[in-house]
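What follows is one structure encoded as structure tokens, with my remarks underneath.
The values are calculated or read from the model by the stated rules, or taken from the named source; none is laboratory data. Remember, predicted model here, so these are calculated numbers, not experimental data. Every residue, glycine among them, receives a Cβ derived from its backbone with ideal geometry; neighbour counts consider all protein chains shown.
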Amino acid sequence: MSGMAVSYEWSPEEQREYSLAKLLKYIEDYVYPFHPYYRKVFMDRGLDPRKFRSYADLRRIPVTTRAEVLADQRAFVLRPGTSGDGDVEPLGPGRKLSYVLKTLRAGYSRDVLGSPRPFSRRVTQTRAAEWEPTRFTFSSGVEGDRLAAGYTEHDSFRVMPVLASMLYLFGWEPGMRGLAMAPGLPHFAVQLAVAAGLTVEGGTAAFVEAWDTVRETERLAEIASRLPFDMFLASPSYMGFWLGCALEMMDEDPEMNLSQVRFALLPGEPLPGERREELKGLFEQVGSHGVEVLECYGSSELRAAFPECGEGAGIHLDPEYYFWEVLDPDTMEPVGWGEPGVLCFSHVGWRGTVLLRYWTGDIAERGVTWDRCPRCGLTFPVLRPPVGRLKGVAPFLNDRDVTSCKT
């Protein structure tokens with residue numbers, strides 16, 4: 001797939017070295033010149049990322065907290081400078097020339113349907129595709145402190161297809177359909193479903209439906225009965241609520257058919273073993289037998305969500321567009337692979353909102369093992385649930401307490 005350079009057949013050591021090297025090069029080429037917040041951090045601390053060569057160098061960058069991002073969210077969006085802009089650098093001659101060459105090969109609908117414009121305006125449009133956010137997702141937040149994450153066209157068509165293809169880890173195939181049961185709000189759960197539908201190769205379809213009331217939940221059950229969906233995507237709480245609602249509806253309408261479901265992908269909350277078994281039992285009751293109930297980890301800050309490759313196999317994290325760390329919750333020093341600590345990540349290769357060494361507040365109680373997975377046979381950093389939350393840190397997806405179709 002275009003944009004994919006990492007090999008999942010490498011040894012863990014080779015993959016870790018690749019991921020770190022790609023991050024350091026990205027910091028040098030994009031973050032240092034074009035990121036208002038981190039450029040100031042580098043300047044204030046006397047750091048020159050052009051000389052970074054090791055993980056020890058990376059650790060000289062302080063961790064980034066949610067509060068720091070919320071204080072000035074615009075400062076975390078990559079942007080080239082303009083004349084008189086001292087916060088970031090302007091584009092160099094090489095990058096400017098690359099936009100001219102891309103524009104010569106581009107065919108824009110704007111030039112067919114709109115009024116005539118000079119070539120320079122077309123070049124500006126080509127440049128905007130890489131740098132200007134075209135959409136945002138928002139974290140659930142607490143007390144209204146929603147954190148926004150901006151995506152550019154580069155992110156949508158270069159990065160997201162690679163991340164969406166991780167669905168294939170657990171058996172997804174081109175042409176399958178997924179029903180996303182999430183609030184119709186601009187947060188990552190909806191984003192995940194939209195991205196999968198638009199970018200996964202082979203004509204995969206993903207429905208996105210909003211829910212807020214029992215009536216809409218019942219409507220989702222009716223849709224799922226009429227159309228053959230291979231996967232449901234919902235938080236564990238809402239998935240249980242929805243299945244309970246579907247059971248009540250099936251008592252009144254025996255012709256309802258939900259037997260085709262093969263996978264349930266569940267982000268937003270921890271999925272302990274007893275909860276997984278409870279949901280599998282509910283799927284059996286609605287007529288879907290042998291459903292794989294898979295835990296998924298993601299957040300708006302992360303700008304993606306990652307699945308298990310099989311039940312209980314651990315959540316497979318992407319090593320291409322992220323660099324992963326696990327830090328001690330008190331000292332913020334790195335812990336060993338497989339040891340408990342707070343999960344932190346750095347974006348690699350993204351445009352739009354970019355975070356380095358972001359302190360998620362998520363406690364990986366069994367740590368992260370960067371190794372070859374015994375189930376799928378591929379090398380990944382694997383997050384081992386359960387994942388808890390530090391006190392006072394906002395959850396990455398707020399769900400209402402749902403237990404019955406009639407609540």
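Within region 51-90, being in contact with an Asp or Glu (Cβ under 9 Å, 6 or more places away or on another chain) and surrounded by fewer than 11 Cβ atoms within 10 Å (Cβ to Cβ) holds for 51, 67.
When residues in region 347-366 are screened for being closer than 15 Å to residue 320 by Cα and aromatic (Phe, Trp, Tyr), 1 of them pass.
For every residue, the table says whether it meets (1) buried (at least 18 other Cβ atoms within 10 Å of the Cβ); (2) modelled with pLDDT of 85 or more; (3) not aromatic (Phe, Trp, Tyr).
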{"position": "177", "(1), (2), (3)": "no, no, yes"}
{"position": "195", "(1), (2), (3)": "yes, no, yes"}
{"position": "198", "(1), (2), (3)": "no, no, yes"}
{"position": "202", "(1), (2), (3)": "no, no, yes"}
{"position": "235", "(1), (2), (3)": "yes, yes, yes"}
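Selection of region 237-272 for residues being of a type in the set (D, E, K, R) and over 18 Å from residue 225 (Cβ atoms) yields only 269.
For region 97-120, a tally of residues being surrounded by 14 or more Cβ atoms within 10 Å (Cβ to Cβ) and either farther than 23 Å from residue 35 by Cβ or touching a residue at least 12 places away in the same chain (Cβ under 8 Å) (or both) returns 7.
Evaluate region 279-301: report whether one residue or more is in a loop (DSSP other than H, G, I, E, B), at pLDDT 95 or above and under 30 Å from residue 21 (Cβ atoms). Checking region 279-301: not a single residue is in a loop (DSSP other than H, G, I, E, B), at pLDDT 95 or above and under 30 Å from residue 21 (Cβ atoms). Of the residues screened, residue 365 is not one that is at pLDDT 95 or above, over 14 Å from the mean Cα position of the chain (by Cα) and not basic (Lys, Arg).
Of the residues in region 82-103, none is more than 25 Å from residue 25 (Cβ to Cβ), among the basic types (Lys, Arg) and assigned to a helix (DSSP H, G or I). For region 319-348, the set of residues classified as over 23 Å from the mean Cα position of the chain (by Cα) and of a type in the set (Asp, Glu) consists of 328, 330, 333, 339, listed by residue number. Taking first residues from region 47-69 that are in contact (Cβ under 8 Å) with a residue 12 or more places away in the chain and partners that are of a type in the set (Lys, Arg) and surrounded by fewer than 15 Cβ atoms within 10 Å (Cβ to Cβ), the Cβ contacts under 9 Å between residues at least 6 apart in sequence or on separate chains come to 47/60; 52/60; 57/51; 60/45; 61/45; 62/45.
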